[in-house]
Amino acid sequence: MDKEIKQEDLTALESELMIYFRKIWDVHLQRVEIQQIEAISDFDPTQTLLDAVDLTISEKENEAKLQEIIEKRRKI
């Protein structure tokens, strides 16, 4: 990222992040941390929520099917 950010433009949380980042002693670990933060910043919870809804619907459908099977077996 080539964007210049001035110290006075940083929020308190951004400044705190920089303090901890600079404590990471290994350049490779710093790169890992940057990748983690990048992944978190790109995360869109919408798809996770939609997946959870689909899973819930699927579980309810399976529950209903299982209940039908149980009822049929009781009648036998």
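What follows is calculated from the coordinates using simple rules that are stated; it is not laboratory data. For clarity, every value in this text was computed on a predicted model and none was experimentally measured. Reconstructed Cβ throughout: ideal geometry from the backbone, glycine too, with neighbour counts over all protein chains shown.
What to note about this one:
- Whole-number D in µm²/s for the chain (Stokes-Einstein; Kirkwood sum over Cα pairs; 10 °C, 1.306 mPa s): 91
- Relative to the Cα centre, the charge distribution of the range 1-43, modelled as +1 at Lys and Arg Cβ and -1 at Asp and Glu Cβ, gives a dipole magnitude of about 180 debye.
- With the simple spin-label model, which puts each label point 7 Å out from Cα in the Cβ direction, the Asp44 to Ile76 separation comes to 4.8 nm.
- For the chain, lysine pairs separated by 8 or more sequence positions, or belonging to different chains, with Cα-Cα distances below 30 Å total 5.
- About the centre of its Cα atoms, the chain shows a dipole size close to 720 debye [charges on the beta carbon of Lys, Arg (+1) and Asp, Glu (-1) only; nearest 20 debye].
- Per residue of the chain, the DSSP helices (runs of n ≥ 4 H) give a summed -39500 (n - 2.57) that works out to -26500 deg cm²/dmol at 222 nm.
- Between Ile69 and Lys3, the simple label model (points 7 Å from Cα in the Cβ direction) yields a spacing of 5.2 nm.
- Dipole of the range 1-43 [Lys/Arg +1, Asp/Glu -1 at C-beta], most positive-end residue of Gln30, Leu13, Ser41: Gln30
- Placing dummy labels 7 Å off each Cα toward the beta-carbon, the span from Ala52 to Glu16 is 2.5 nm.
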